[in-house]
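Down below is the structure, laid out as structure tokens.
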Amino acid sequence: MKTILYIGVNSFNNLLLPPVLAVQFVIRHQPLEQQAVYTSQTHLKFHTMTSFSKNNLHLSTSPYLRQHAENPVWWQEFTPEVLEHARRANKPIFISSGYSTCHWCHVMASEAFSDQTTADFLAQNFVSIKLDREMHPDVDSFLMTYIQSLTGQGGWPLNVFLTPDLKPFYALTYAPPCRRQQHPSFLEIVTQLVAWYSNGEKQVKPFKMSHPEAATTNNPDYNQMVMPYLDRVNGGTSGAPKFPPHALLFNVLHQQNRGETLNAWLTTTLDTLALSGLHDHLQGGFFRYCVDDNWNIPHFEKMLYDQSMMLINYSLAARVFSNENYRDTARSVVDCLNQTFTNGNAFASAHDADTNHHEGLTYLWSDHEISETLTDALYQKFSSRYSLIPFEKLNHLRRNLIQPADALENQMLQKRNQRPQPFRDDKIITSWNAWAAIGLVFAHRYARLDTLNQTDQLFQHLFTHHINDRRVAHCMSGSRLQPEGYLEDAASMFLLATFLFEERLTEPATVELLREATLNFRKHGRWYDSTGGPLGDIPAGYHDHPFPSAASTADAALLRWDILQGESPRKVPVHHPLMAGFANHFASISDDNIVIAKGPAKANWELLPIGALQCHSNTWMLCEGNTCKIPEWAEKQL
């Protein structure tokens, strides 16, 4: 009997670790079927070699995958070992992609994936893989692109069937555990698939992603293009469900000549979001989206990236409109991050929408509970300050006036905190944390909040613990660093470093390292989310939803760093305003309109327009376009 010690472990993307070293040591006299694995992220440890005849998700560090550990399905993780097993067994692969705050993922886990008959059929005919899409965004992007090419739409849980050599041949989202009218059960669908596959395997053609470019535009009247899509009554964009238009808001807030109509839409959107059911008025922070076009009832999950983008935009708005209400909203997001997302020295990724399998239960109130919680005086204040929106036989809160939280909200939050709380996904995702840090930079610059030291500490934590061999890792989960890394991680850290360079908190060598890490994902003039994985190179697109795309972020970081190094800004392509608002802001920057302050010390940001940059110089100089002069405030800064 023997144990094999592997020195060096190859990742799918070959980002953090060198290729597998062709060195194996035979260690005799070890217990049967034990294997020691050493990586630069973990200590030497022994664990039992994988058995594929059982559900192995209890071994995962992913909180989402562990939620499926009790399913009778023989779930495996997406690893080279599992993929090799499928090839050796010549079994088709079933991949179900989801995430911890996905309501319908939970539903399917409790229905079809908890059915023993279904589980037995899957075990007999497939190698079943559960994928945390937040840990493998490149794989999820490949699967989502496939289902959209097949059906024109997609969602989660995202269920895809592939040949042993990873050619997809069918995909679907939710399916019920038993037939419901015209909707077949999941088992019925899979049974038909197996029958087809036994004869049609050789008909399956490879699926390759093309570069998903957003539609570019040469329309000189950019803002006129976006007007038909705007909801001028309720804010945001037209239709439901309604997601906050983060990237579009970012772009419009930076524009100096918005025009009356676009300016009115901007303030309507910002005011409505602050008052709406999307906003957690007791804790601060925002839910992910609303199911109705009046922004009344949210899907109650809270995502770190939404908090980051709301913090950026309300901080910008506080400065643009000199509006203290927007500043208070930005402050409430910071409070939410620090009180509910903090995980060690970084931030957790999300809070679930469900509590005890009931959506929004933690956040909803009965009339009796409200009156019982509040004194008569506070109840009278509550009645004028809030409207109650019925949902699931209870009520959700919507504000009537934008005001800072006071004793009323504190009393209700104290009561709410005594209830069962939604599950929190504690994964520390590098890109999401970098965007949270960028949000804290904006809060410092434009909302005058004391967040800069926290930003620096978060950056130092990520730089120390999420970078290995000059490459940026994607995620820390369960104290284990995920070896894969993606463009979104390197680019967001690079962009963050450019902001901190202006604050005199990072060295040029640090920024250059992150620039190198980002450029590792560029080939032939194009960006890729990942390279060298089992599904091939995954192209990166410019769709800024729900937060800025990896390609947009990379372009922005390179452009800012060029300017800070005294070079002319590179040209960033313009895209459709609804697709790539973040990229479009940076596409608008040129030699003619850039504002940069140069000096021996950092100038007060309140003296500069939003979007201005700062860099070091022996003398004070304010450059606007091609014109430079000594600013009036130079002596006061010294």
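Principal-axis analysis of the Cα atoms of the chain puts helix 260-275 at an angle of about 60° to the longest axis. Working note: Cα atoms of the range 265-396, range along each principal axis, descending, whole Å: 40, 33, 30. Straightening the chain between residue 479 and residue 114 buys 128.5 nm, computed as 0.36 nm per residue apart minus the Cα-Cα spacing. Using the Cβ-Cβ distance between residue 342 and residue 199 with R0 set to 56 Å, the FRET efficiency works out to roughly 0.55. Taking one equal scatterer on every alpha-carbon of the chain, how large is log10 of I(q)/I(0) by Debye at q = 0.05, 0.06, 0.09 1/Å? For the chain, the Cα-only Debye profile gives -0.24, -0.35, -0.80.
Using C-alpha pairs under 8 Å with a sequence gap of at least 6, the mean separation divided by the residue count of the range 109-202 gives a relative contact order of 21 percent.
Expressed as an acute angle from 0 to 90° and rounded to the nearest 10, what is the orientation of the C-alpha long axis of helix 137-151 relative to the principal long axis of the chain? In the chain, helix 137-151 runs at an angle near 80 degrees to the longest axis. Our Cα-only numbers for the range 423-476 put the radius of gyration and Dmax at 12.3, 37 Å. When you count the other C-beta atoms within 10 angstrom of each residue and take the mean per peptide, 352-363, 275-286, 419-430 line up highest first as 275-286, 419-430, 352-363.
For the chain, the residue among 261, 296, 103 whose Cα projects farthest onto the positive side of the dipole built from Cβ charges is 103.
Computed from the C-beta positions of residue 380 and residue 414, the FRET efficiency with R₀ = 25 Å rounds to 0.85.
For the listed peptides 59-71, 565-577, a ranking on the average number of other beta carbons within 10 Å per residue, highest first, reads 59-71, 565-577. A straight Cα-to-Cα reach below 17 Å connects residue 598 with the lysines 629, 636, residues fewer than 8 places away in its own chain not being considered. Placing unit charges on each Cβ (+1 for Lys and Arg, -1 for Asp and Glu) gives the chain a dipole about its Cα centre, and among 407, 238, 135 the Cα reaching farthest toward its positive end belongs to 135.
The length gained on full extension between residue 400 and residue 227, counted as 0.36 nm times the residue separation minus their Cα-Cα distance, comes to 59.5 nm. Taking the Cα centroid of the range 475-499 and of the range 536-594, what is the distance between the two, rounded to the nearest whole Å? Taking the Cα centre of each part, the range 475-499 and the range 536-594 sit 19 Å apart.
Computed from the C-beta positions of residue 148 and residue 636, the FRET efficiency with R₀ = 45 Å rounds to 0.20. Principal-axis analysis of the Cα atoms of the chain puts helix 430-446 at an angle of about 10° to the longest axis. Computed over protein heavy atoms with a 1.4 Å probe, the accessible surface of the chain works out to 43 Å² per residue. Its Cα gyration tensor gives the range 445-527 an equivalent ellipsoid. The semi-axes, each the square root of 5 times an eigenvalue, are 23, 17, 11 Å from largest down. Mean separation of Cα pairs under 8 Å and 6 or more residues apart, divided by the residue count, gives the range 511-638 a relative contact order of 15 percent. Farthest towards the positive end of the charge dipole of the chain, among the residues 557, 441, 535, is the Cα of 535, using unit charges on the Cβ of Lys, Arg, Asp and Glu. Per-atom-type breakdown for the chain gives carbon and sulfur 49% of the accessible area (1.4 Å probe, protein chains only). Using only side-chain charges placed at the Cβ, +1 for Lys and Arg and -1 for Asp and Glu, the dipole size of the chain relative to its Cα centre rounds to 980 debye. Here is the short version for the chain: 178, 290, 336, 475, 615 have no other Cys C-beta closer than 4.7 Å.
If a spin label sat at a point 7 angstrom from the Cα of residue 470 along the line to its beta carbon, the backbone N atoms of the range 512-534 nearer than 14 Å would be those of 512-521. Pairs exceeding a 30 Å alpha-carbon distance, out of 54/302; 91/427; 571/602; 302/415; 130/302: 54/302; 91/427. Protection proxy ranking for 519-525, 586-592, 492-498, 99-105, using the average of other Cβ atoms within 10 Å per residue and placing the highest first: 492-498, 99-105, 586-592, 519-525. Dipole check for the range 53-104: with +1 at the C-beta of Lys and Arg, -1 at the C-beta of Asp and Glu, and the Cα centre as origin, the magnitude is about 140 Debye. Relative contact order of the chain, taken over Cα pairs closer than 8 Å and 6 or more residues apart, is 12 percent. Reported to the nearest whole Å, the Cα centre-to-centre distance from the range 296-361 to the range 114-159 is 30.
The values are calculated or read from the model by the stated rules, or taken from the named source; none is laboratory data. Keep in mind that this is a model prediction, so the values were computed, not measured. Positions of Cβ are backbone-derived with ideal geometry, glycine not excepted, and every protein chain shown enters the neighbour counts. Remember, those area values only see protein heavy atoms, side chains included, never the ligands or the DNA or RNA. Shrake-Rupley method; radii C 1.70, N 1.55, O 1.52, S 1.80 Å.
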